[in-house]
Amino acid sequence: MAAGKLHADDTPVPVLAPGNGKTKTGRLWTYVRDDRPAGDTAAPAVWFAYSPDRKGEHPEGHLHEFRGTLQADAYAGFNQLYENGHIQQAACWAHVRRKFYDLEQAHASPVAREALQRIGTLYGIEEQIRSRPPELRHQVRQAQAKPLLDSLRQWFEATLSKLSRKSDTTTAIRYALSRWDALGRYIEDGHLEIDNNAAERSLRGVALGRKNYLFAGSDAGGERAAAIYGLIGSAKLSGLDPEAYLREVLTRIADHPINRIEELLPWNLVASVPPEPGM
């Protein structure tokens, strides 16, 4: 929460409802701090939180002390976070791109194809400046990405006048235009990213887990799952083998002083735990 930027997302998780043997839908919220693409050396980390529903009061409670920029999707429950000015919104170009990709795949749409090409050029600029200092990233984006964004907005607006109001392509364009300021925020701050993929990557393990354990046994089980996902996700971000990391923690924790528990966090055990396979 001391970071100036966080990535956020959420995903459903089945939870056993007490008394009737059926499942309800809980949520796992993910908050990622990872500024390595902007050349920062601070340890990356992810925190998961569980809630029994998807009400906006949950992220508001999770982030009540955070001050900075939140990179997130367009979920309406995040909107109240931006009202008092303590948190700024940065939207996700991957979500915009996905809508045009689906259109191009389904209908071979020339408009969608051109949108993909234009957005792809923006991503090409990001490839060139990954892991570079924020000041350089800002300079390059202002010089190269800003003119492309201005041109893309003009093209979107001109294209709308030629489309049916009810077409899927119109919906995709309006999705982008309605969030334009938030989508363009990344070119004004070299610490920000073009998308929210850091948060989406952190949820891959949850998606795999749903196929194996089927459901959490209770709300308390959802909270424990969130704690474990946070440890495993942070271990992976630190380049550690999660199984080896958990083994190291379980070996030490019984005799470890509670007032020094932070010594067992992933980034403090990098020298003691084997790296993740393939790293």
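Structure remark: mean-square fluctuation, Gaussian network model of the chain, C-alpha springs under 10 Å; the largest value among VAL13, VAL96, VAL111 belongs to VAL111. Net charge dipole, segment 1-84: roughly 300 debye, given to the nearest 20, about the Cα centre with Cβ charges of +1 for Lys and Arg and -1 for Asp and Glu. Bridges between two residues of the chain, per DSSP, are antiparallel at a rate of about 70%. The modelled label-to-label distance between ARG210 and ARG165, using points 7 Å beyond Cα along the C-beta direction, is 3.5 nm. Taking θ as phi - 60° and the Karplus parameters 6.51, -1.76 and 1.60, the scalar couplings of segment 87-93 work out to 10, 9, 9, 10, 8, 10, 6 Hz in sequence order, x denoting glycine and proline. Between segment 250-267 and segment 111-186, the alpha-carbon centres lie 46 Å apart.
Build a GNM of the chain with springs between Cα atoms under 10 Å apart, and of LEU183, LEU148, LEU214 the one that fluctuates most is LEU214. Applied to segment 231-237, the Karplus parametrisation 6.51 cos²θ - 1.76 cosθ + 1.60 on θ = phi - 60° returns per-residue 3J(HN,Hα) values of 5, 5, x, 5, 4, 5, 5 Hz, with x for Gly and Pro.
When you filter the GluC sites (Glu not before Pro) in segment 65-134 for DSSP loop state and at most 11 other Cβ atoms inside 10 Å of their Cβ, you are left with GLU65, GLU83. About the centre of its Cα atoms, segment 133-224 shows a dipole size close to 400 debye [charges on the beta carbon of Lys, Arg (+1) and Asp, Glu (-1) only; nearest 20 debye].
With all protein chains kept in place, the per residue accessible area of the chain amounts to 52 square angstrom at a probe of 1.4 angstrom. Shown here for segment 113-214: trypsin sites (Lys or Arg not before Pro) in loop regions (DSSP other than H, G, I, E, B) with at most 15 other Cβ atoms within 10 Å, namely ARG130, LYS162, ARG165, LYS166. The fraction of accessible area contributed by carbon and sulfur in the chain is 52 percent, rounded to a whole number (1.4 Å probe; ligands and nucleic acids excluded).
Computed from backbone phi with θ = phi - 60° and the Karplus coefficients 6.51, -1.76 and 1.60, the 3J(HN,Hα) list for segment 182-199 is 5, 5, x, 5, 5, 7, 8, 9, x, 7, 7, 10, 6, 8, 10, 5, 4, 6 Hz; x is used for glycine and proline. For the chain, the 222 nm mean residue ellipticity estimated from helices alone, with every DSSP H stretch of n ≥ 4 adding -39500 (n - 2.57) and the total spread over all residues, rounds to -13500 deg cm²/dmol.
What's the local net charge at GLU104, with K and R +1, D and E -1, over the other residues with C-beta under 12 Å away? Neighbourhood net charge equals +1. So if we plug the beta-carbon distance of ALA220 and ALA74 into 1/(1 + (r/R0)^6) with R0 = 25 Å, what FRET efficiency do we get, rounded to 0.05? Calculated transfer efficiency: 0.20.
Distance between the 7 Å Cα→Cβ label points at LYS24 and GLN144: 5.0 nm.
A crude spin-label estimate for the pair TYR175 and ARG36, with each label 7 Å from Cα along the Cβ direction, gives 2.9 nm.
Here the convex hull built on the C-alpha positions of segment 109-266 has a volume of 195 cubic angstrom per residue.
Other residues within the sphere of radius under 10 Å centred on the Cβ of ALA72, judged by their own Cβ, net out at -3 (K and R +1, D and E -1).
Put one equal scatterer on each alpha carbon of segment 1-132, apply the Debye formula with no solvent term, and list log10 I(q)/I(0) at q = 0.09, 0.10, 0.16 1/Å to two decimals. The computed values of log10 I(q)/I(0) come out as -0.38, -0.46, -0.98. Fully extending the segment from GLU83 to ILE253 would add 57.0 nm, taking 0.36 nm per residue of separation and subtracting the current Cα-Cα distance. Counting only Cβ charges, +1 for Lys and Arg and -1 for Asp and Glu, the dipole size of the chain around its Cα centre is about 840 debye. Across the alpha-carbon atoms of segment 85-133, the computed radius of gyration and Dmax are 13.9, 43 angstrom. Compute the angle between helix 204-213 and the longest alpha-carbon principal axis of the chain, please, reported from 0 to 90 degrees and rounded to the nearest 10. Roughly 50 degrees, rounded to the nearest 10.
The values are calculated or read from the model by the stated rules, or taken from the named source; none is laboratory data. Owing to the predicted nature of the structure, the values given are computational and were not obtained by experimental measurement. Positions of Cβ are backbone-derived with ideal geometry, glycine not excepted, and every protein chain shown enters the neighbour counts. We work out accessible area using only protein heavy atoms, side chains counted, and drop any ligands, DNA or RNA first. Shrake-Rupley method; radii C 1.70, N 1.55, O 1.52, S 1.80 Å.
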